[in-house]
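Engineer: Sharing a structure, written as structure tokens. Questions coming.
The values are calculated or read from the model by the stated rules, or taken from the named source; none is laboratory data. As the structure is a computational prediction, the values presented were derived from the model and not from experiment. Here the Cβ positions follow ideal geometry from the backbone for every residue, glycine too, while neighbour counts run over all protein chains shown. Just so you know, the surface numbers come from the protein's heavy atoms only, side chains and all, with ligands and any DNA or RNA stripped out. Shrake-Rupley method; radii C 1.70, N 1.55, O 1.52, S 1.80 Å.
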Number of protein chains: 2
Amino acid sequence: MQDQYVPEVTHLKTHDKRVAWARAQRDAGLAKVDPKLQGIPDQLPQSSLGLPGAVLTAREIEITESYSVTELLRILKDREITVEEVTRAFLRRAALAQTNCITHLLWDQAITRAKNLDSLPEPKGMLFGLPISTKEHHGMVGDEVVTNASLTTWIGKRHGSNLLYDSLYDQGCVFYVRTTQPQNIMQLETVSVIYGRTVHPYNRELSPGGSSGGESALIGMRGSLLGVGGDIGGSIRCPAAHVGIYGFKPTLKRISVLGSRSLMAGKETIMSTPGPMTVDRDALELFMKAALASEPWLTDPSLTFKPWSPYKCIQQLKIAIMWWDGVVTPHPPITRAMKEVAEACCKAGMEVVDWDAESLHHQTSWELLTQLYWPDGGEEALDLMKKGGEEVLPLSKFILQQANVKHLTQPELWDLCRRRDEYRAEYAHAWNNTKGENGKEVDVIICPPSFGAASPHDQSRYWGYTSHWNLLDYPGAIFPVTKVCREKDPIQTGYIPKNEEDRFIYEMYSPERYEDMPVALQVIGRRSYDEKVLAVLKEIELALGRE
Amino acid sequence: MQDQYVPEVTHLKTHDKRVAWARAQRDAGLAKVDPKLQGIPDQLPQSSLGLPGAVLTAREIEITESYSVTELLRILKDREITVEEVTRAFLRRAALAQTNCITHLLWDQAITRAKNLDSLPEPKGMLFGLPISTKEHHGMVGDEVVTNASLTTWIGKRHGSNLLYDSLYDQGCVFYVRTTQPQNIMQLETVSVIYGRTVHPYNRELSPGGSSGGESALIGMRGSLLGVGGDIGGSIRCPAAHVGIYGFKPTLKRISVLGSRSLMAGKETIMSTPGPMTVDRDALELFMKAALASEPWLTDPSLTFKPWSPYKCIQQLKIAIMWWDGVVTPHPPITRAMKEVAEACCKAGMEVVDWDAESLHHQTSWELLTQLYWPDGGEEALDLMKKGGEEVLPLSKFILQQANVKHLTQPELWDLCRRRDEYRAEYAHAWNNTKGENGKEVDVIICPPSFGAASPHDQSRYWGYTSHWNLLDYPGAIFPVTKVCREKDPIQTGYIPKNEEDRFIYEMYSPERYEDMPVALQVIGRRSYDEKVLAVLKEIELALGRE
């Protein structure tokens, strides 16, 4: 890791000047777009979904809308299209999103890379020519790279590539855009002092989720087909769900974080993992294959030494539905989505059972997590914000100022880790006990990815539906199911909230507020069953009548 | 874990009374031996190796001496011998060792178990009828079990089985004896306030190593053919080497520690792993298969989800010899052993190269380890000793009072973990770089398991040859090579020590002191290459003309 700042920021002494520099850098990237974007209305529409039709050429729309990732890779490999043409189309579509999801548009670098790939005698790599979007704090391949990780004090700080991005690059992808994350990179929304708020491409009043919300906002309108997020509490899965795309949080230590910029480097109580966010289910597995093709465990020996080993579903599947987590009742569209999927799985011949979360005390995981996230009481994070002179935003305050967060002594830390491990063992035990008379245990759990569809801004204060699986280190995949519908998803009148959190969530719902917003679900597998989760996801989608 | 004390110790208020109770409990177990052991001289000989011939029956000697583990298992399975007869023979042989290696002789329990196994209509399990010895602090299958982990304050404290022992038990073994470990379980010798000093079966003036020194002292005279040790800095490998048996420290998280009693439960900076110690090479792999047969990762989800997957050596092997670690020069017999093995490997057609440890700064691992072992500055350990009123023994002082040991803040801990991970990545990089023109990287490193053969008491103050691989989490196997020989292993006169530690080690050697003591070597593989290490060990032994 490089610890120098670029010379031009070193004389910027005030917070505002540094922020202005970061935004100017972003704007300079966007200004490179050629031909210029014409036809964006001065008064931005509530939804960005109509913009591509108004601004892009028919050919650009064809390139960005009519191919799956697999199909696009095929025509790139067969050289039915140039990498440059594809790259330019995605650069232009990314730039017009108007959701404030971009930190760096890599116009020149991407086109240079595309030309270079086009000049190769033979296409090379399993991602040949595919534009890939990336979360800003991970860093980026190349010289002269700066990475701020949403901290004003790190604006203009050099920080280059990481092991994962090097692997993807070796497989022939084109990095072309870097995307926003929230302050602290610990919110399920995306707002930072540096770049402001990232909004939902379907509805500016709502959040695309977070912390990989720049990715979701971008991919949600096909400004990218495949992006890289990171997840320590839901940061891939929540935003993927909110925009109705696919996302995957693998088990820790399948994908390396080596070289990524983050706070509290060296903390190992709870860790983040990168993972894919994409418009296509098959691209989840493609990403995992590409990430592991270079045998990264030989470079980052903390990784699990295991190639990607596709799983085949042979026996009848046993699917557990977790209707709620015992803490907060999901909004009606989520429950309806679970019903629809459960029914389809039944019809397809799967065994469908209930997952009894109530007896498994999901509250425990949140009590442990809040302390394990901040073993120093949040001091490093707060100090860095203070150093940069930046305001601590509401959702940062929320997560940092949980009642039990404090600087732990080492024995206090051990005690938490011990309780974490005990809880993990209890949950594993519960899973073992799902073996029925036929001796078959539950293959996966289907559950909400959040209490509801995309939230109104600054309201994402319940992480349980995703963070629980981080505490357990279980892999989880997100898949789109339906959309919020006024007729089908009325308020559950007469519902009596079970606790304060449940009341907060219950009162947030109204069908009007969320109308037409995507509704997704989550497939959870046991720790290390990454390949199985993706294989079963495919079976579930087949049951839903998808390909 | 059960936290109650047995009623009879609760009124024992003084340190001395508690220690007397623990010793009386041990003695009561030994007193059960039937028929009594006759013929042990009042004045114990310097070596215990002659005792079995003087005390045991011809049949007992046959049973305990003439079979490998595999052969014994075969005749047990074929019921050419009863489990009870085998168990009685090993109980009697264990009891006569006179090396002070036993904490509990499980006479009644073992014979009951043996009879039970004999009464089964069919032999069951891959360890059917095999007596297995175990390290005291791990706990033990059964009710009424107490486990003190060498702390006087824990004398009489209930602590039952663990996941590993349950797995071995399910495979049909007989637990019959529990063995000593040192105070703090953090010494490379074996001396505790409770049981005193465990001595080497070949020479009472020397140490059988530690911390699994009860096991090595016992197995070293075939009072057990297979035992379970634990290793966080060399505690399986050092004692195995000192008595000339086989030992294996797998990569962390292959074998569970769930249920074991230890200090600082929940600490995850550097962890201990159980592993086998045995008279036979093949029993190392057998143990691993038996330990993983129950799919323990379904119960302890922190484990690597990976069955034992035997490795086959197909290509020419590339063996690196690490002649020294860049800190301390090994004693002449160790160097001679490496020369003999290197030569045999060459003759067998392997490629043999040097491992350049000097450029890899092995000192770094010790600097990190000392702090990572005691992130609380050793407070918990010292407090527990104080609570029990026990003296802090010299080698406990040595390891706890390294200059840099202190209570770390969380950011200080992260910094150490980060540096640990960087060092691991550097080492992996160096290993990657061993790829020569033929693209073949080093398969294993052969290196000393210690600076020398078994040490005189209270002198084991250099851990580097084993602890280095704990820091890296590389698997390591110990195999016997030769014995110290006055003629072949003279003092290297004129040697100029390179530093203070090197001088200490150099001055410890004289051929007379160590004469006829076993000399073993260590085979090290990359992290997670457990199966490969054992497969290559076999090839090395074939090269040495063994089976």
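Engineer: With +1 on the Cβ of every Lys and Arg and -1 on the Cβ of every Asp and Glu, and nothing else charged, how large is the dipole of the stretch B:7-298 about its Cα centre, in debye rounded to the nearest 20?
Structural biologist: Magnitude of the dipole: close to 660 debye.
Engineer: A:Met271 versus A:Ser47, label points 7 Å from Cα toward the beta carbon: distance in nm?
Structural biologist: Here the answer is 4.2 nm between the modelled labels.
Engineer: For A:Ala20 and A:Lys488 in one chain, what is 0.36 nm times their gap in residues minus the Cα-Cα distance, to one decimal in nm?
Structural biologist: 163.9 nm
Engineer: Grab every C-alpha pair in the stretch A:136-282, bin the distances at 5 angstrom width from 0 up to the longest one, and report whole percents.
Structural biologist: 2, 11, 20, 24, 23, 14, 5, 1
Engineer: Next question, about the same structure. Before I look further, what does the stretch B:406-488 give for accessible area per residue, probe 1.4 Å, in whole square angstrom?
Structural biologist: 33
Engineer: Could you list the trypsin sites (Lys or Arg not before Pro) in the stretch B:50-133 that lie in coil according to DSSP, counting only those with at most 15 other Cβ atoms within 10 Å of their Cβ?
Structural biologist: Of the trypsin sites (Lys or Arg not before Pro), the ones in loops of the stretch B:50-133 whose Cβ has at most 15 other Cβ atoms within 10 Å are B:Arg79, B:Lys124.
Engineer: Counting alpha carbon pairs within less than 8 Å and at least 6 residues apart, what relative contact order, in whole percent, applies to chain B?
Structural biologist: Once normalised by length, the contact order is 15 percent.
Engineer: Also, quick follow-up: Per residue of A:430-437, what is the mean number of Cβ atoms on other protein chains within 10 angstrom of that residue's Cβ?
Structural biologist: Taking all residues of A:430-437 together, the mean is 1.
Engineer: By the scheme Lys and Arg +1, Asp and Glu -1, what is the net charge of all other residues having a beta-carbon under 13 Å from that of A:Leu12? Numbers along the way, then the final one.
Structural biologist: Values: positive: A:Lys13, A:Lys17, A:Arg18, A:Arg23, A:Lys157; negative: A:Glu8, A:Asp16.
Net charge around A:Leu12: +3.
Engineer: Sticking with this structure for a sec: For the protein assembly as shown, give the magnitude of the charge dipole about the Cα centre (Cβ charges: +1 Lys/Arg, -1 Asp/Glu; no others), in debye to the nearest 20.
Structural biologist: Here the protein assembly as shown has a charge dipole of around 60 debye.
Engineer: Another question about this same structure. Along its principal axes, what span do the Cα atoms of the stretch B:1-153 show, with the longest given first and each in whole Å?
Structural biologist: Cα extents, longest axis first: 51, 41, 22 Å.
Engineer: Arrange the peptides A:295-303, B:452-460 so that the one whose residues have, on average, the most other Cβ atoms within 10 Å appears first.
Structural biologist: The densest-packed peptide leads the list: B:452-460, A:295-303.
Engineer: Quickly rank A:329-342, A:234-247, A:128-141, B:434-447 as a protection proxy: mean count of other C-beta atoms within 10 Å, highest first.
Structural biologist: By packing density, highest mean first, the sequence is A:234-247, A:128-141, A:329-342, B:434-447.
Engineer: Which whole-number percent of Cα pairs in the stretch A:18-86 have a distance greater than 18 Å?
Structural biologist: Everything past 18 Å amounts to 58 percent.
Engineer: Taking only protein heavy atoms into account and a 1.4 Å probe, give the accessible area per residue of the stretch B:7-298 in Å².
Structural biologist: Values: 9110 Å² over 292 residues.
Here the residues of the stretch B:7-298 average 31 Å² of exposed surface.
Engineer: When the solvent-accessible surface of protein heavy atoms is calculated with a 1.4 angstrom probe, in what order do B:Met350, A:Met277 fall, highest first?
Structural biologist: Ranked list, largest accessible area first: B:Met350, A:Met277.
Engineer: Could I ask something else about it? Identify the chymotrypsin sites (Phe, Trp or Tyr not before Pro) of the stretch B:414-500 meeting these criteria: DSSP loop state and at most 11 other C-beta atoms within 10 Å of the C-beta.
Structural biologist: Here no chymotrypsin sites (Phe, Trp or Tyr not before Pro) fit, given the DSSP loop and packing criteria.
Engineer: Shifting gears a bit: Where does the stretch A:318-543 land on Rg(C-alpha)/(2.2 N^0.38 Å)?
Structural biologist: The value comes to 1.10.
Engineer: Ignoring ligands, DNA and RNA, what percent of the 1.4 Å accessible area of the protein assembly as shown is carbon and sulfur?
Structural biologist: Values: 19650 of 39420 Å².
Its accessible area is 50 percent carbon and sulfur atoms.
Engineer: Any idea of A:Lys267's accessible area? Nearest 10 Å², probe 1.4 Å.
Structural biologist: Per-residue accessible area (A:Lys267): approximately 20 Å².
Engineer: May I pose another question? At a 1.4 Å probe, which residues in the stretch B:506-528 are at least 40 Å² less accessible with all protein chains present than in their chain isolated?
Structural biologist: Relative to the lone chain, where solvent access is computed with a 1.4 Å probe, the stretch B:506-528 loses at least 40 Å² at B:Arg527.
Engineer: So, one more: What is the ratio of the Cα radius of gyration of the stretch B:7-298 to 2.2 N^0.38 Å, with N the residue count, to two decimals? List each step's numbers first, then the result.
Structural biologist: On the way: Rg = 17.6 Å, N = 292, 2.2 N^0.38 = 19.0 Å.
Taking the Cα Rg and dividing by 2.2 N^0.38 Å, one obtains 0.92.
Engineer: Here's another thing I want to ask about it. Can you grab the distance from the C-alpha centre of the stretch B:322-350 to the C-alpha centre of the stretch B:357-430, Å, no decimals?
Structural biologist: 29
Engineer: Report the Cα centroid-to-centroid distance between the stretch B:487-547 and the stretch A:451-485 in angstrom, as an integer.
Structural biologist: Answer, in whole Å: 56.
Engineer: Run through the DSSP bridge list for the stretch A:318-543 and note the antiparallel percent, rounded to the nearest 5.
Structural biologist: Beta bridges within the stretch A:318-543, antiparallel portion: roughly 60 percent.
Engineer: Between copies, how close do the A:Ala54 label points come, placed 7 Å along Cα→Cβ, listed in nm from shortest?
Structural biologist: Those separations, rounded to one decimal, come out as 10.2 nm.
Engineer: Further question: Under 18 Å from a point 7 Å along the Cα-to-Cβ line of A:Lys386: which residues of the stretch A:181-223 have their amide N that close?
Structural biologist: Correct set: A:184.
Engineer: Can you compute the modelled spin-label distance between A:Glu441 and A:Arg419, with each label point 7 Å from Cα toward Cβ, in nm?
Structural biologist: 2.6
Engineer: Along Cα-to-Cβ, 7 Å out, sits the label point; list in nm, shortest first, how far the one on A:Glu412 is from those in the other copies.
Structural biologist: Label-point distances to the other copies, shortest first: 1.6 nm.
Engineer: Any idea what Rg and Dmax come out to for the stretch B:313-440 if you just take the C-alpha atoms, in Å?
Structural biologist: Spelled out, the Cα radius of gyration and Dmax of the stretch B:313-440 are 20.2, 62 Å.
Engineer: Quick check on the protein assembly as shown: helices-only [θ] at 222 nm, where DSSP H runs of length 4 and up contribute -39,500 (n - 2.57) each and the sum goes over total residues. Nearest 500, please.
Structural biologist: Per the formula, -11000 deg cm²/dmol.
Engineer: On a C-alpha basis, how far is the centre of the stretch A:221-270 from the centre of the stretch A:8-72 in Å? Whole number, if you could?
Structural biologist: Going from one Cα centre to the other spans 23 Å.
Engineer: In peptide A:404-417, what is the residue-averaged number of other protein chain Cβ atoms found within 10 Å of each Cβ?
Structural biologist: Average per residue, whole number: 5.
Engineer: I would also like to ask the following. Averaged across orientations, what area in nm² does the convex hull of the alpha carbons in the protein assembly as shown project?
Structural biologist: Details: hull surface 184.6 nm².
In nm², the orientation-averaged hull projection of the protein assembly as shown is 46.2.
Engineer: Follow-up. Peptide B:419-426: average number of partner chain Cβ atoms within 10 Å per residue?
Structural biologist: Working: counts 1, 3, 7, 3, 0, 3, 8, 1.
Going residue by residue through B:419-426 and averaging, the value is 3.
Engineer: Mind giving me the FRET efficiency for B:Ser510 and A:Glu351? R0 is 60 Å, r the Cβ-Cβ distance, nearest 0.05 is fine.
Structural biologist: 0.25
Engineer: For the pairing of chain A with chain B, what total accessible surface becomes buried, with a 1.4 angstrom probe, in square angstrom to the nearest 100?
Structural biologist: 3000
Engineer: Taking the alpha-carbon set of chain A, what are its Rg and Dmax in Å?
Structural biologist: 22.2, 71
Engineer: Still on this structure, please answer the following. What nm distance separates the two modelled labels at A:Val6 and A:Asn116, each placed 7 Å from Cα along Cα→Cβ?
Structural biologist: 1.9
Engineer: Give, ordered by residue number, each residue of the stretch B:299-346 whose 1.4 Å probe accessible area is reduced by a minimum of 30 Å² on adding the remaining protein chains to the chain alone.
Structural biologist: Hits at the 30 Å² cut-off: B:Pro301, B:Phe305.
Engineer: Are there any residues in the stretch A:240-278 with a reduction of at least 10 Å² in accessible surface when going from the isolated chain to the assembly of protein chains? Probe 1.4 Å, please list them by number.
Structural biologist: Buried by 10 Å² or more upon assembly, which counts only protein chains, are A:Leu258, A:Met264, A:Ala265, A:Gly266, A:Lys267, A:Glu268.
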